[in-house]
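The values are calculated or read from the model by the stated rules, or taken from the named source; none is laboratory data. Worth saying up front: this structure is predicted, and the values here are computed from it rather than measured. As a convention, Cβ positions derive from the backbone with ideal geometry for all residues, glycine included, and neighbour counts pool all protein chains shown. With ligands, DNA and RNA removed, areas are computed over all heavy atoms of the protein, side chains included. Shrake-Rupley method; radii C 1.70, N 1.55, O 1.52, S 1.80 Å.
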Amino acid sequence: MMDYKETLLLPKTDFPMRGNLPTNEPKRYKAWYEANMYEQMKTKREGAEMFTLHDGPPYANGDIHIGHALNKTLKDIILKYHYFQGKSVRMTPGWDCHGLPIEQKVEEKLGKSKKEAMPTEKFRELCREHATKFVEIQRDGFKQLGIMADWQNPYVTMDFKFEANIYRTLCDVAKKGLLVERHKPIFWSWAARTALADAEVEYEDKEDYSIYVHFELSNEAKAELSLEGKAGVVIWTTTPWTLPANTGISLNPEELYVLTDDGHIVAKARYEAMKEEGVVSGAISQSFPATALGELRAINPLNGRPSTIVLGEHVLMDGGTGCVHTAPGHGEDDYKVGLKYGLDVVMPVDERGCYDESVKGLNLLPNPDEFIGMHIFKANEPILELLGESLLKQSKFVHSYPHCWRTKKPLIYRATNQWFISIDDKPEGSKESLRESALDAIDGVSFYPESSKNRLKPMIEGRPDWCISRQRSWGVPIAFFRVKSTKEVILDSDVLEHIANLFDIHGADAWYSMSHAELLPEGSKYNPDDLEKISDILDVWFDSGSTWNSVLSSGNYDAGEYPASLYIEGSDQHRGWFQSSLLLSSAVNQISPYKTLITHGFTVDEKGEKMSKSKGNVVAPDKVIKQYGSEILRLWVALSNYQTDLKISDGILKQTAEQYRKIRNTFRFLLANVNDLEAYVQQDEYGELDRWILSKAKEVFASVKASFDVYDFLGGLATLNHFITNELSGIYMDITKDRLYCEAKDAITRRATQSAMAHIAKAMLGLIAPVLTYTADEILEYAPALFKGDMESVFDLVYVEVPRVEASFDDTLLIEARQNFSEAIDSLKKEKIIKATLELEIVGDASFLPIENSKDLEDWFVVSAIKSSSEGEQVASFEVEGKTFTVHKATAHKCPRCWRFTSTSQECACERCSGVVDTKERA
């Protein structure tokens, strides 16, 4: 018998089944970077619509972790999506290089004494070296992920021109009239010895004292109220160490206050609670409106200093005595009410969190020498002892307390001279305050998810002025001169621009290394000897918050347009970069720096727990790349709901690798079956099955694109995967094998199916390319000429839709019929009654099934015949729409070439195959 195998048109491709990604990816990535592919991408889209993704800078300290990988991969997918949709794209990667963590690392290496003896310029040089090292380490890590960005020209906040532009942004804010210096209490990290902004504060549980203290009224106050004997206001506080700085007691102006038989004054609304707690024991003997007590004086039992009774709306009745210990140097509310009543701002605590000489000079404590240099948290117990009988009750409790985000130590409120950006002042030339301008700008921004708008907006509505000064060394200095005699700050444009120009050339180090005379422009009207430098540096959030100016607007980078098309970072940046960028852009230009804002969650293990070395659940990007390849990591990102926390583990990555194999092998099948296609068929030459899959693909790909357009990669890929698994691979690729392998090479049915497959593969390539760029490039390398065209690499690809074809059949009934048939014969395969469905024929009235061509209908079920009757053995039956079909063993013989049971004898080929072979032999 003739060997028919040589006459079949079997699939043929060199595209490997296995990706061998960990070995092959680095070679291709290296080639891309050496070819400067990012620059080529810019050239290939010259003149096209611009899409600007402005990269939020990671901190240049430590190796990249899985959170970094998630962030940069998501950005890369979005950027490439817009690129493959035909847009010109820009992403200049950046690094945040100033700030406390780098200072701490350098200080750890040096030792404290060596650091303090070192000139500031030298210490800054060491910080610069440390940051430079980690910029290189992190850049290499990101490039291993296949991230396309301007790696040759990244922005680094410590570059000289960059420091100059951060300073110029500060000057712009000052010129707008929004920069103010105030002596007021702010969050102070005694561990880091610097002021902090709200964005740098975390809340953790802390155990503190709860104490009730009796402040006896002065004799003048008693006389005013016609009181005799013991009578005093009872305050409640959780910070005994602030009692030396007490200058007032705040009462609620709307409340009644009562004096008890045992001589204690508390709010009437709190009397019963205080009695229950044993703070007071006597019955009410007298009542006063709060206003009757206002501006009278009590005596601080700790030091005998007067404490003025003031009225404040901040006093609540949900705890304490209704009488609030007020130390304007140690609290925001205390400061505000103190300002109103002219209370002294006493601040006896130094930058280390220790009592200073003023506890002695101002007589704030008895035996003050014992307290000078003592840390405030160690002073609580000695202070409680000194209170004696005035301490009515003490206990301890645990509550949520502000901590420094870097040192993890508890913070204090400490009044110091600091620089603020005023939120409620109007920038010069604007009709709105900065707060109003920022809130208006938010309304023009698209948010993904939409709920993130409800996070950012209340933060802007309720935030205080922004404290931008820090008492550290490594950062951009607040490089202003002050007149020694008057303390006036010089904001002369010529002086400011001269300093900025010096920073362009020498960096911000010039502020420390140059003399006053050198820092002033030639012919300046100011005498250098009359001036002093401000020594504070800028909050690192100011650095990153001004990158829209330094990167997008400065002209120093080919970074795209301002405002940027997109900012995308983790959800913690609502209080960080999103907010600082919005405030500075609104301050200077009254617009948002971003048109769209995307927020992503954080990486957690498969149980949803935070990763930590102690738990042993850390997933390192380099380990994933070595084990699976970066394509698997990229696909994991795309298949995760990034708007919540993202779970990752070895098990999850294995599942992702399986999904990758499915996508890869689908493309391999398509490539292998279009290998000899040289021209697409005409629109009217497609058969029913081809028109069905092309129509289905067009509908599905439009849905995928619509999901990708709103950055829903999970939804889009779920739709695509469903199509691949069900209609494309599960049905079409299965039912067309006969025509692909067995029809004549140029038979229109074969060429039509090949054309449909080629169109689908090319369109699908444009959809997966943003996520699986390496694989898409590899597919193109092995693609036939018709498919590839003049594309040399994936970066020549622009998404093309599947062509529109004449509508085909409604597949609802057919899919149900195919499913019911499959279930009916499932046991036949398990029991080895049949090996393949081609051994079967279906009997019944198929006229209501919408496929007209009988061969197409047979192919739909992959059976050898669909007839009205059969003499073959009935082996199963199934129903469709209440109509019964029976399944029989095929009565004809198996064709040795196509294996369909359509031959008159098992020795010879069926009529179709005989014709194909004869024609081939004659050719």
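Within the range 309-338, count every residue that is among the charged types (D, E, K, R) and under 28 Å from Ser189 (Cβ atoms).
4
Yes/no per residue for (1) open to solvent by less than 30 Å² (accessible area, probe 1.4 Å); (2) aromatic (Phe, Trp, Tyr); (3) at pLDDT below 90; (4) not in a strand (DSSP E or B):
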{"residue": "Glu295", "(1), (2), (3), (4)": "no, no, no, yes"}
{"residue": "Asn303", "(1), (2), (3), (4)": "no, no, no, yes"}
{"residue": "Ser307", "(1), (2), (3), (4)": "yes, no, no, no"}
{"residue": "Val315", "(1), (2), (3), (4)": "yes, no, no, yes"}
{"residue": "Asp344", "(1), (2), (3), (4)": "no, no, yes, yes"}
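Restricted to the range 636-725, the set of helices (runs of 4 or more DSSP H) holding at least 1 residues that are open to solvent by 60 Å² or more (accessible area, probe 1.4 Å), at pLDDT below 95 and basic (Lys, Arg) comprises 650-673. Being open to solvent by 30 Å² or more (accessible area, probe 1.4 Å), under 22 Å from Ala199 (Cβ atoms) and not in a loop (DSSP other than H, G, I, E, B) is the filter here; which residues of the range 462-518 pass it? Gly462, the sole residue that qualifies. Among the candidates Asp529, Asp536, the residue that is open to solvent by 30 Å² or more (accessible area, probe 1.4 Å) and either at pLDDT 90 or above or farther than 25 Å from Gly555 by Cβ (or both) is uniquely Asp529.
Looking for something under 30 Å from Ser189 (Cα atoms), touching a residue at least 24 places away in the same chain (Cβ under 8 Å) and not hydroxyl-bearing (Ser, Thr, Tyr) - is there at least one such residue anywhere in the range 509-524? So far as the range 509-524 goes, yes, one or more of its residues are under 30 Å from Ser189 (Cα atoms), touching a residue at least 24 places away in the same chain (Cβ under 8 Å) and not hydroxyl-bearing (Ser, Thr, Tyr). When we screen Gly329, Gly373, Gly338 for residues that are outside any helix (DSSP H, G or I) and open to solvent by less than 10 Å² (accessible area, probe 1.4 Å), the only hit is Gly329.
In a helix (DSSP H, G or I) and surrounded by fewer than 20 Cβ atoms within 10 Å (Cβ to Cβ) - does that describe any residue in the range 185-196?
Of all residues in the range 185-196, those in a helix (DSSP H, G or I) come to none.
No, every residue in the range 185-196 fails to be in a helix (DSSP H, G or I) and surrounded by fewer than 20 Cβ atoms within 10 Å (Cβ to Cβ).
Among the residues in the range 95-113, are any within 19 Å of the chain's Cα centre (by Cα), open to solvent by less than 10 Å² (accessible area, probe 1.4 Å) and in contact (Cβ under 8 Å) with a residue 40 or more places away in the chain? Yes, the range 95-113 contains a residue that is within 19 Å of the chain's Cα centre (by Cα), open to solvent by less than 10 Å² (accessible area, probe 1.4 Å) and in contact (Cβ under 8 Å) with a residue 40 or more places away in the chain.
Per-residue answers, yes or no, for (1) over 33 Å from the mean Cα position of the chain (by Cα); (2) under 30 Å from Asp709 (Cα atoms); (3) open to solvent by less than 10 Å² (accessible area, probe 1.4 Å):
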residue: Asp734; (1), (2), (3): yes, no, no
residue: Asp746; (1), (2), (3): yes, no, no
residue: Arg751; (1), (2), (3): yes, no, no
residue: Ser755; (1), (2), (3): yes, yes, yes
residue: Pro803; (1), (2), (3): yes, yes, no
residue: Leu813; (1), (2), (3): yes, no, no
residue: Gln819; (1), (2), (3): yes, no, no
residue: Glu823; (1), (2), (3): yes, no, no
residue: Ala836; (1), (2), (3): yes, no, no
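For the criterion of being open to solvent by 50 Å² or more (accessible area, probe 1.4 Å) and at pLDDT below 95, Asp55 fails. Taken over the range 872-914, the criterion of being open to solvent by 20 Å² or more (accessible area, probe 1.4 Å), touching a residue at least 12 places away in the same chain (Cβ under 8 Å), out of contact with any Gly (no Cβ under 6 Å at 6 or more places or on another chain) and not in a loop (DSSP other than H, G, I, E, B) is satisfied by Gln874, Val875, Ser877, Glu879, Lys883, Thr884, Thr886, His893, Arg912. Restricted to the range 539-559, and to residues there that are among the hydrophobic types (A, V, I, L, M, F, W, C) and buried (at least 24 other Cβ atoms within 10 Å of the Cβ), the residue that is farthest from Arg168 (Cα to Cα) is Ala559. Restricting Ile442, Ile421, Ile460, Ile478 to those that are modelled with pLDDT of 90 or more and under 24 Å from Ala510 (Cα atoms) reduces the list to Ile478. Is it true that some residue in the range 218-231 is assigned to a strand (DSSP E or B) and either open to solvent by less than 50 Å² (accessible area, probe 1.4 Å) or in contact with a helix residue (DSSP H, G or I) (Cβ under 6 Å, 6 or more places away or on another chain) (or both)? Among the residues of the range 218-231, not one is assigned to a strand (DSSP E or B) and either open to solvent by less than 50 Å² (accessible area, probe 1.4 Å) or in contact with a helix residue (DSSP H, G or I) (Cβ under 6 Å, 6 or more places away or on another chain) (or both), which makes the answer no. Can you name the number of the only condition in (1) touching a Lys or Arg at 6+ places or on another chain (Cβ under 7 Å); (2) surrounded by 15 or more Cβ atoms within 10 Å (Cβ to Cβ); (3) within 28 Å of Val89 (Cα to Cα); (4) among the β-branched types (Val, Ile, Thr) that Val843 fails? It is condition (3) that Val843 fails. Picking from residues in the range 1-23 that are free of Cβ contacts under 8 Å to residues at least 12 places away in the same chain and not in a loop (DSSP other than H, G, I, E, B), the one that is most open to solvent (accessible area, probe 1.4 Å) is Glu6.
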